[in-house]
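Here the structure is laid out as structure tokens; the discussion comes afterwards.
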Amino acid sequence: MAVVMANPAVQGSRAGGFVVRNLDLFYGAHQALHQISMTIPERAVTAIIGPSGCGKSTFLRCLNRMNDLVPDARIQGHVSFRGEDLYAPGADPMAIRYRIGMIFQKPNPFPKSIYENVAFGPRINGYDGDLDDIVEASLRRAALWDEVKDRLRKPALALSGGQQQRLCIARALAVNPEVLLMDEPTSALDPIATGKIEELMTSLKQEYTIVLVTHSMQQAARVSDYTAFFLDGRLVEMDRTERIFSAPSDRRTEDYITGRFG
Amino acid sequence: MNDIAARRRRRRRMDAASHWLFLLAIVVALAVLAILLWDLLSTGLPRLSWSFLTSHASRFADRTGILAPLVGSFYVIVLTAAFALPVGVATAVFLEFYAEGDRPSPLRQSLTQFLKLNIDNLAGVPSIVYGLFGLAFFVRWMQLGRSILAAALTLALMVLPVIIVNTREAIRAVPPSLAHGAYALGASKTQVIFTVILPAALGGILTATILSVSRALGESAPLLAVGAWVYVTSLPRTPLDSFTVLPVQIYYWAGMPQKAFQEVASAGILVLLALLLSLNGIAIWLRSKYQKKAEW
Ligand SMILES: Nc1ncnc2c1ncn2[C@@H]1O[C@H](COP(=O)(O)OP(=O)(O)OP(=O)(O)O)[C@@H](O)[C@H]1O
Ligand SMILES: [Mg+2]
């Protein structure tokens, strides 16, 4: 059944980022998402939480059409960003991914130099201006510049895990996206690197819309403005983060965030 | 308790026994190799000289040399690689990324499967079969004659399946997360293939190419079939010139009745071995170079 999102707290303030209506997703015969409807506000961090296998990554990939790359994934329903239907017949997945960047759970820098990693996005999208400036600005915004400015031509794979993940963030920022989708970006990192990336998210949300999948309740509570709780491919509820963590309206949400689940 | 201890002792004895058995196997293999090499070195080394490398064939063992087959082999394998590498890589890329289409249908999938299976099988076809095909198709039908070009095309066909199979392996060994990273930045499929996947697979592709070309360097049967000559006293100038190659020349010398020519054959084998070893050395170097890059 449709979970109709009519939450004034979400719709009132900064509506108009992503609007998802009655989204179903099937992997072959297996239905991974059921009738998801939600609104993701702009210039805020929205956290998606839920137990393993509940469809968080799947949902995130619907927001920039990465599921197109899964051969037997099929989608029904409506997803739009800033009023533009992402699944309209003429919609170009490449243009969409250019505007809606993604950070993955495991840092995945290319086996190229630090510089080439950041310059990659502008290059393939046909930018022919000054790449040096873009590289520097992106690395600064990702809080990595000071650590790597003397070794831009060195292999990116020589960086530590936390630095690699910030490099991936810089790489995504280099094409100037409007959204950053982050799928458990700190799950492979130590607390210090995690802290840096969380700080980064807090500063980036002034300009960007961030959707963050996380298994850490503390992380969701620390950095997000809104939190959505998924269970078995369904959206249970979405609200302001303070509300979700203090007075959730669904019993299952409370059980999950207090660790009484399953 | 005792039972467990006894069983543990038995397993330890088994470990020791298999250790010695495997050691014996490798000693036998290495001993045979060493004897062969010793025999070659003792007969061939005295014949090896600068003038042997730079002289043409002669009826006299003392004056004969290996220049023409050396140059011929070089031309043949360079041309072979030049044909086989691009075609092989393109075929592998097609099979991995385009053959099934964006919306795979069962028909296309089974057709692709069928193609892949056949290419895998072609890698096991004896080289003489390629030689006979080359004779019928390149030498006679295309009228290329007994030329370097016909030989290189024949050998290229022979190594093509090996290159395709290994290139596909190298492509599949590239972590999908790299491709996803590029797609997430708005890259097209072609950009992902050429800017991310192929560069990451390059080490594997080059290693496979060098190893298969070194196999081509040691082949004589298919080249005898497409008509390598055994007595060549001028260097080839164009790809359509006639030629000879090292294995064919060695085969010819080894078949001569005079003992002196047997020694010359040994010297020829030493040259061929040196070439093969250096090709393999390059392959190992390439692999370690790219591996280091990937692990960094
Ligand atoms: N490519 C795929 N093909 C088929 N089924 C898939 C695929 N990817 C995910 N699934 C299935 O869809 C469901 C949701 O998976 P998803 O990866 O979205 O979960 P998740 O919430 O991100 O889990 P986790 O927290 O462990 O990352 C699971 O049952 C999973 O097995
Ligand atoms: Mg996931």
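The values are calculated or read from the model by the stated rules, or taken from the named source; none is laboratory data. Model, not experiment: these values are computed from the prediction. Virtual Cβ from ideal backbone geometry, glycine too; neighbours counted across all protein chains shown. All accessible areas refer to the heavy atoms of the entire protein, side chains included, with ligands and DNA or RNA removed. Shrake-Rupley method; radii C 1.70, N 1.55, O 1.52, S 1.80 Å.
A few remarks follow.
- Note on region B:100-217: Kirkwood radius taken over Cα pairs, Stokes-Einstein applied at 20 °C and 1.002 mPa s, translational D equal to 129 µm² s⁻¹.
- Interface residues in region B:162-192 - accessible area drops by 10 Å² or more relative to the isolated chain, probe 1.4 Å: B:Ser177, B:Leu178, B:His180, B:Gly181, B:Ala182, B:Tyr183, B:Ala184, B:Leu185, B:Gly186, B:Ala187, B:Ser188, B:Gln191
- Coarse-grained scattering of region A:160-247 at q = 0.12, 0.21 Å⁻¹, given as base-10 log I(q)/I(0) from a Debye sum over alpha-carbon atoms: -0.38, -1.08
- Of the DSSP H helices in chain B, those that are both long (alpha-carbon extent of 18 Å or more along the helix axis) and hydrophobic (Kyte-Doolittle mean at least 0.5) are B:2-44, B:67-93, B:148-172, B:198-218, B:259-295.
- Only beta bridges with both residues in the protein assembly as shown are counted; by DSSP, about 60 percent of them are antiparallel.
- Length-normalised contact order for region A:31-125 - Cα pairs under 8 Å, 6+ apart - percent: 19
- Size-normalised alpha-carbon gyration radius of the protein assembly as shown, reference 2.2 N^0.38 Å: 1.32
- Selected from A:Pro111, A:Pro177, A:Pro41 as most flexible by GNM, with chain A as the system and alpha-carbon contacts under 10 Å: A:Pro111
- Cα principal axis extents for region A:212-262, largest first, Å: 25, 20, 18
- Per residue, the accessible area of chain B comes to 56 Å², computed with a 1.4 Å probe over protein heavy atoms only.
- For region B:160-229, the pair-distance distribution built from all alpha carbon pairs, in bins 5 Å wide starting at 0, is 3, 16, 19, 16, 13, 10, 7, 6, 5, 3, 1, 0 percent.
- Relative contact order [Cα under 8 Å, 6+ residues apart], region B:147-209, whole percent: 46
- What the Cα atoms of region B:234-296 give is an Rg and a Dmax of 17.9, 58 Å.
- The chymotrypsin sites (Phe, Trp or Tyr not before Pro) found in region B:1-84 that occupy coil by DSSP, while having at most 15 further C-beta atoms within 10 Å, are B:Phe60.
- When Rg and Dmax are taken over the Cα atoms of chain B, they come to 24.4, 81 Å.
- For region B:46-113, with all protein chains in place and a probe radius of 1.4 Å, 66% of the accessible heavy-atom surface sits on carbon or sulfur.
- The Rg/Rh ratio of region B:58-121, with both radii computed over alpha carbons and Rh defined as the Kirkwood radius, is 1.40.
- Column: log10 I(q)/I(0), Debye, Cα scatterers of region B:1-151, q = 0.08, 0.20 Å⁻¹: -0.60, -1.23
- At least 20 Å² of accessible area lost relative to the chain alone, listed for region A:81-118 with a 1.4 Å probe: A:Met94, A:Arg97, A:Phe104, A:Asn108, A:Phe110, A:Pro111, A:Lys112
- Computed over all pairs of different Cα atoms, the Kirkwood value for the hydrodynamic radius of region A:100-177 is 12.1 Å.
- Percent breakdown of C-alpha pair distances by 10 Å bin, ordered from the shortest bin, for region B:142-296: 10, 27, 27, 19, 11, 4, 1, 0
- Among A:Met102, A:Met217, A:Met38, the largest mean-square fluctuation in a Gaussian network model of chain A (Cα springs under 10 Å) belongs to A:Met217.
- In chain A, the DSSP beta bridges split such that about 60 percent are antiparallel, to the nearest 5.
- For chain A, accessible area per residue (1.4 Å probe, heavy atoms of protein chains only), Å²: 42
- Apportionment of accessible area to carbon and sulfur, region B:117-229, percent (1.4 Å): 68
- With the Kirkwood sum run over all distinct C-alpha pairs, chain A has a hydrodynamic radius of 18.9 Å.
- Here the relative contact order of region B:150-255, from alpha carbon pairs under 8 Å that lie six or more residues apart, stands at 30 percent.
- Chains A and B together, accessible area buried on both sides, 1.4 angstrom probe, square angstrom: 1900
- Region A:110-167: trypsin sites (Lys or Arg not before Pro) in DSSP loop, at most 14 other beta carbons within 10 Å: A:Lys149, A:Arg151, A:Arg153
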